[in-house]
1. Give a quick list of GluC sites (Glu not before Pro) in the range 18-78 that DSSP marks as loop, anything other than H, G, I, E or B, with at most 13 other Cβ atoms within 10 Å.
2. Please identify every one of the trypsin sites (Lys or Arg not before Pro) in the range 1-65 that sits in a loop by DSSP and has no more than 14 other beta carbons within 10 Å of its own beta carbon.
3. For the pair S10 and E161, what calculated FRET efficiency results from E = 1/(1 + (r/R0)^6), where r is the Cβ-Cβ distance and R0 = 41 Å, to the nearest 0.05?
4. Quick check: pseudo-label points 7 Å beyond the Cα along Cα→Cβ at D73 and S221, how many nm apart are they?
5. Only bridges with both residues in the range 1-137 count here: give the DSSP antiparallel percent, nearest 5.
6. To the nearest 20 debye, what charge dipole does the chain have about its Cα centre, counting +1 at the Cβ of each Lys and Arg and -1 at the Cβ of each Asp and Glu?
7. Restricting the count to DSSP beta bridges whose residues both fall in the chain, what percent are antiparallel, rounded to a multiple of 5?
8. In the range 61-95, which residues have a backbone nitrogen under 17 Å from the label point lying 7 Å from M1's Cα in the Cα-to-Cβ direction?
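Coordinate-derived values only; no laboratory data. Being a predicted model, the structure only gives us computed values, none of them experimental. Note: ideal-geometry Cβ built from the backbone for every residue, glycine included; neighbour counts use all protein chains shown.
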Amino acid sequence: MSEPLTRFVSSEDDVEVAVHDFGGRGHPTVFVHGTGLISRMWEPIIERLGPEFRAICVDLRAHGATINPENIDFFDHRMVADLSAVVDALALHGAWIVGHSMGGATSILTSLARPDAFSRAWVYEPVIFERTEERPSGAFDFVEATKRRRAVFSSRAEVLERYASRPPINELHQECLEIYVQHGFNDRSDGSVELACSPLLESRAYEQFLQQGWDRLPEVSIDVLVAYGGRGSDRPSTAARSIGNRMPFGVIEVFEQSDHLGCFGPLDDVASSIRSWFTGSGS
């Protein structure tokens with residue numbers, strides 16, 4: 001694929017949101033990433049979708065190429081504010097939107113903040129959980145694990161070698177993994193590379209974003225396909241069906257052999273599902 005045109009859109013807290021526009025005459029379609037990932041990971045899917053889609057990839061705060069102040073937070077739907085700022089800057093009306101995990105949740109919640117922006121959504125395991133007084137057992141274990149994630153590597157080649165055999169990141173199709181390593185790491189002055197989204201910020205995104213939005217799901221007025229992995233045993237997978245059923249126009253699709261990163265695994269199947277949902281044609 002040709003390189004996108006990247007611009008920056010001002011959001012709350014002095015965040016400059018990176019927007020990667022691949023252009024074309026297709027229907028404007030926004031692609032949003034999950035926590036700790038980057039929006040350009042959708043590129044292999046976009047390439048398979050073809051010219052009917054004008055792809056616009058958005059890096060939310062603390063992720064990818066987005067420019068952040070030293071201290072940022074994720075409370076009060078700040079990521080929804082980021083995506084809403086993009087909607088306003090691009091004057092999106094009746095666009096389509098695709099999101100994974102946190103990006104799926106942000107997509108759904110932004111459809112409430114900007115009711116005319118999107119006509120349909122395709123989301124994979126959106127992290128919108130029912131609010132509880134206490135954290136469900138095991139539901140936040142990955143927050144602590146994220147804080148211990150290694151951030152600095154000697155080179156991108158080392159990252160590729162390590163991630164290719166290390167779950168859950170080894171679920172990624174090789175094309176998506178290579179894009180993540182290329183654009184999800186920053187170069188350091190000593191020649192090493194560092195995660196663009198630091199483990200501390202990634203863990204804060206999990207802690208501060210989870211359990212937001214459940215009560216508002218019945219208000220969602222657009223058609224939303226909620227996809228999930230049939231092999232998943234943690235909350236993003238097990239909650240997906242309830243999320244789809246809670247929305248008035250929710251539709252559910254299961255990828256039987258996939259887990260939480262499954263939307264970046266069987267690329268042809270995912271592209272076919274997205275194309276069918278938005279255009280009525282799966283081929």
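1. E70
2. The qualifying sites are R25.
3. For R0 = 41 Å, the calculated efficiency reads 0.60.
4. 3.1 nm
5. Once the DSSP bridges in the range 1-137 are tallied, antiparallel ones form about 40 percent.
6. For the chain, the charge dipole is close to 320 debye.
7. Among the beta bridges of the chain, antiparallel pairing accounts for roughly 35 percent.
8. Only 64-66 fall inside the zone, counting backbone N under 17 Å.
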